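Each value in this text was obtained by applying a stated rule to the coordinates, not by laboratory testing. All values reported here derive from a predicted model rather than from experimental measurement. As a convention, Cβ positions derive from the backbone with ideal geometry for all residues, glycine included, and neighbour counts pool all protein chains shown.
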Amino acid sequence: MLTVKSIPAFNDNYIWLIHSPDNHCVVVDPGEAAPVLKVLEEEQMHLDAILITHHHHDHVGGLSELKRRYPNINIVAPADEPIPAVSRSVEDGDQVEIFGERFMVLGVPGHTAGHVAYVGDGKLFCGDTLFSAGCGRLFEGTPEQMFHSLQKLAALPDETEVYCAHEYTSSNLAFALVAEQDNPHLQRYREEVSRLRAQGISTIPSTLKQEKLINPFLRCDQPSIKKSVANKATGNSDVETFAALRRWKDEF
């Protein structure tokens with residue numbers, strides 16, 4: 001099993017550092033270079049590669065400086081996103097090897113048009129597609145695309161650890177508890193999250209098992225969610241329920 005360390009960045013971003021026992025590492029979505037370089041120096045790690053999920057600045061802003069410091073670094077990024085200095089472009093169905101573990105590339109458009117996720121070793125690095133108790137905004141994709149991307153992630157094994165790129169859990173729960181007021185799993189999770197955040201502890205990683213119980217965007221087939229958006233949705237399909245739920249969250 002690979003070890004994952006979080007590197008906080010900006011106000012609520014997480015840059016993920018995946019490291020091997022011999023102090024080599026890979027980072028995911030380095031929006032800033034400085035906190036990555038600080039950890040590399042403090043823990044005497046060697047950076048082998050960078051994985052990118054999508055092109056937004058808070059995920060790629062550190063690339064140029066890291067490339068300058070590590071000229072031979074491998075930068076793996078989605079083929080359909082405008083990202084500079086890429087060593088290898090990947091798309092849905094491709095595979096990436098990280099310290100002997102095989103990671104599958106999943107195309108998950110919605111937040112952006114070419115967004116990808118990486119899954120392997122029981123870990124899912126999903127950028128801004130899936131958050132704990134929430135999902136990403138639709139900046140470039142359609143509700144249909146995002147719904148199907150989330151369904152693709154939900155089909156992974158329940159024990160899969162979810163390493164999303166932001167600490168949005170508390171604010172997502174505020175909406176989720178309105179969207180599904182009688183969900184006992186949500187109420188218990190809110191207490192756990194409140195306890196963790198009060199101690200300054202991250203709520204990430206979550207698990208897909210947890211998300212299927214508490215994340216309204218993964219529960220669009222549930223009567224409770226359909227009832228909540230009945231006066232907002234254009235129809236009763238799961239996709240129409242998702243679209244209404246996402247619009248509601250945007251205004252929340």
>> Among Phe139, Phe217, Phe175, which one shows the highest mean-square fluctuation when the chain is modelled as a Gaussian network with alpha-carbon springs under 10 Å?
In response: Phe139
> Under the Karplus relation 6.51 cos²θ - 1.76 cosθ + 1.60, θ = phi - 60°, what is the ordered set of whole-Hz ³J(HN,Hα) values for the range 225-236, x standing for Gly and Pro?
Replying inline: 6, 4, 5, 5, 9, 4, 8, 10, 8, 8, x, 10
> What are the semi-axes of the equivalent ellipsoid of the range 137-252, taken as the square roots of 5 times the eigenvalues of the Cα gyration tensor, listed largest first and rounded to whole Å?
Replying inline: 23, 16, 14
> Gaussian network model of the chain, Cα springs within a sub-10 Å range: biggest mean-square fluctuation belongs to which of Thr53, Thr129, Thr203?
Replying inline: Thr203
> For Asp92, which sequence-distant residues (separation of 5 or more, or a different chain) have an amide H within less than 5 Å of its own amide H, given hydrogens modelled in the peptide plane?
Replying inline: Gly107
> About the Cα centre of the range 3-251, what is the dipole size in debye to 20, counting +1 per Lys and Arg Cβ and -1 per Asp and Glu Cβ, all else neutral?
Replying inline: 580 debye
> Classify the range 3-150: rounded, prolate or oblate, from the alpha-carbon gyration tensor (a ≥ b ≥ c, eigenvalue square roots; a/c under 1.5 rounded; otherwise prolate if a/b is larger than b/c)?
Replying inline: prolate
> Put +1 on the Cβ of each Lys and Arg and -1 on the Cβ of each Asp and Glu in the chain; which of Val162, Cys126, Val193 then has its Cα farthest toward the positive end of the dipole?
Replying inline: Val193
> Which whole-number percent is the relative contact order of the range 3-251 (Cα, under 8 Å, 6+ apart)?
Replying inline: 13 percent
> Using modelled amide H (1.01 Å from N, peptide plane; none on Pro or chain starts), what sits under 5 Å from the amide H of Gly110, excluding residues fewer than 5 places away?
Replying inline: His115, Gly141
> Stretch His57-Asn72 to full length: gain in nm at 0.36 nm per residue minus the Cα-Cα span?
Replying inline: 3.2 nm
> For labels at Arg197 and Glu140 in the simple 7 Å Cα→Cβ model, what's the distance in nm?
Replying inline: 3.0 nm
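One-quarter of the Cα convex hull surface for the chain, in nm²? Could the numbers behind the result be given before it?
On the way: hull surface 51.6 nm².
Averaging across all directions leaves 12.9 nm² for the Cα convex hull.
Can you compute the FRET efficiency between Gln181 and Thr3 using 1/(1 + (r/R0)^6), with r the Cβ-Cβ distance and R0 = 51 Å? Round to the nearest 0.05.
Details: r = 39 Å, r/R0 = 0.76.
With a Förster radius of 51 Å, E is 0.85.
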> Given the Cα-Cα distance of Asp221 and Asp22 and 0.36 nm per residue of separation, how much length would full extension add, in nm?
Replying inline: 67.1 nm
> Which of these, Glu81, Glu167, Glu192, has the largest mean-square fluctuation under a Gaussian network model of the chain (Cα springs below 10 Å)?
Replying inline: Glu192
> Under 24 Å Cα-Cα from Lys226, which lysines qualify once same-chain neighbours fewer than 8 residues away are excluded?
Replying inline: Lys152, Lys209, Lys212, Lys249
